[in-house]
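Here is the structure we will look at.
The values are calculated or read from the model by the stated rules, or taken from the named source; none is laboratory data. What you see is a predicted model; the values in this text were computed from it and never measured. Counting neighbours? That spans all protein chains shown, and the Cβs are built from the backbone with ideal geometry, glycine included. When the accessible area is computed, the model is the full protein with side chains, heavy atoms only, and any ligands, DNA or RNA have been set aside. Shrake-Rupley method; radii C 1.70, N 1.55, O 1.52, S 1.80 Å.
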Amino acid sequence: TKKKKGTKKRGVAGGCVGGGGGGGEESAMLEECNFCGAPKPSKEVSLRCIDEHRWKILIRLPNSERMVVEEVEEWMAFYQIYEGATYMNNGKTFIIRVLDFEKREAEAHGPVKLDYYTSVRDLSNLETAAPLLAYPPLQLKKVDEALREKKERKLLIAPPHYGPATVIKSFLGYTKLKRISGKFLDSVDLQMPQVWMKTFAAWIAVPEEVQQMVKRSARGSAMPWEEHLRGGLHAASHALINVLPLFARCSANDAVTLCDYPAATRFRPRSIVIADRCKGGNGLSLQAYKVFGELLETALKMVRACNCTHFRGCPACVQMLSCSEYNVVLDKKSAMIILQGLQEGLSSSSSSSSFS
């Protein structure tokens, strides 16, 4: 920095200078010292995103230059960045027209006046890294013998598991909805790359005996019992996540599970999974793994205590605000059967004492 007339420059040669020393007029006349390294750390660290891979949203100015108005983490980018998406900035509406996947840039054109907004259609899948064991390995032979002989016995199940997991998001298209009323206008298909996120999860497999309990309770129903099981697994997963804040400093939105939708034809693992929502994990699934038995017991008490009568439950029991499939495929009654079966099985299993 340059010296002002009649002042003395204070600092360290070849380094970052700081004011220091002096008082009165002399210190008041000293120039402000700046960081002299290159580049500045503040330019290298984003205050909005923690992911190293980020998409930039650019708006073209009247002089044909482009200005970056927002940065979005790659994991969440395609929820608002896709060709034809409506994008709001400073109260003005723009349309995303051009995507550059190599540079991770999206160009928004506008502002424009539209009577609709867009909503992406996506599909999420959650894969765990280890096999889903439903019975303790040492008990497999005894389980088979008991089932063949149809003898009464205590339900023994495998303990919870914890390990790496992968969340895979596929973006199928988007819908156009009327402003204010939300009336459906149009549906557009998209061809977008899948987004993968490595995280951690805790899970427990639902044994065949618990599944048969759900089947027996579904007798006389117009729906196949497999649909009741699918809704019960979904609802039970929601219930566990809803009580997770009682055991950890978190919000229910900080965890994610495998959510089903009505038209799904994919295989649905017969298990309950709690995964960390953020990339690399945030420790919630590890905490859930340590207290899985208590989670099951608390979730069961919560669902039983809820007075709602709808088969899909309500936000006070098995519905979750952050459900990616809008809480459609849920079955409260089946969820209670599954939670009770798992809770009793864990308490009966000799190996459960190490995990609850």
Q: Would you mind computing, in nm to one decimal, how far apart the modelled labels at Ile168 and Asn89 are, each placed 7 Å from Cα along Cα→Cβ?
A: 3.4 nm
Q) In whole Å, how far is the Cα centre of region 169-202 from that of region 221-248? A) 24 Å
Q) Could you give the nm distance between label points at Arg104 and Met76, where each point is 7 Å from its Cα heading toward the beta carbon? A) 1.5 nm
Q.
Restricting to Cα pairs below 8 Å that are 6+ residues apart, what does the relative contact order work out to for region 157-221? Please round to a whole percent.
A. 40 percent
Q) What list of ³J(HN,Hα) values in whole Hz, one per residue of region 93-107 in order, does the Karplus curve 6.51 cos²θ - 1.76 cosθ + 1.60 (θ = phi - 60°) give from phi, with Gly and Pro shown as x? A) 9, 10, 10, 6, 10, 10, 10, 10, 6, 6, 8, 6, 10, 10, 9
Q: Pairs of Cα atoms under 8 Å, at least six residues apart: use those to get the relative contact order of region 54-114, whole percent.
A: 33 percent
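Cα-Cα pairs above 18 Å in region 238-356: how many percent?
Here the tail beyond 18 Å accounts for 52 percent of pairs.
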Q. Using the per-residue mean of other Cβ atoms lying within 10 Å as a proxy for protection, in what order, highest first, do the peptides 76-82, 94-100 fall?
A. 76-82, 94-100
Q.
Leaving out ligands, DNA and RNA, and with a 1.4 Å probe, what % of the accessible surface on region 54-114 is carbon or sulfur?
A. 46 percent
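Could you pull out the pairs from Lys183/Lys279; Lys178/Lys332; Lys56/Lys279; Lys183/Lys333 whose alpha carbons sit more than 28 Å apart here?
Lys183/Lys279; Lys178/Lys332; Lys183/Lys333
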Q: Compute the normalised compactness of region 54-114: alpha-carbon radius of gyration over 2.2 N^0.38 Å, N being the residue count.
A: 1.02
Q) Under a point-charge model restricted to the Cβ atoms of Lys and Arg (+1) and Asp and Glu (-1), what is the dipole moment magnitude of region 56-121 relative to its Cα centre, in debye to the nearest 20? A) 240 debye
Q | Cα Rg, Dmax (largest Cα-Cα span) when computed across region 211-254, Å | A | 14.2, 43
Q. Given the convex hull of the Cα atoms of region 174-306, what is a quarter of its surface area in nm²?
A. 11.6 nm²
(Q) Give me log10 I(q)/I(0) at q = 0.16, 0.24 Å⁻¹ for region 158-227, Debye formula, one equal scatterer per alpha-carbon, no solvent. (A) -0.90, -0.97
Q. Peptides 61-71, 236-246: what's the order by average Cβ count within 10 Å, highest mean first?
A. 236-246, 61-71
Q) Which part of region 235-271 falls in the paramagnetic zone of Leu123, meaning amide N under 17 Å from the point 7 Å along Cα-to-beta-carbon? A) 258-269
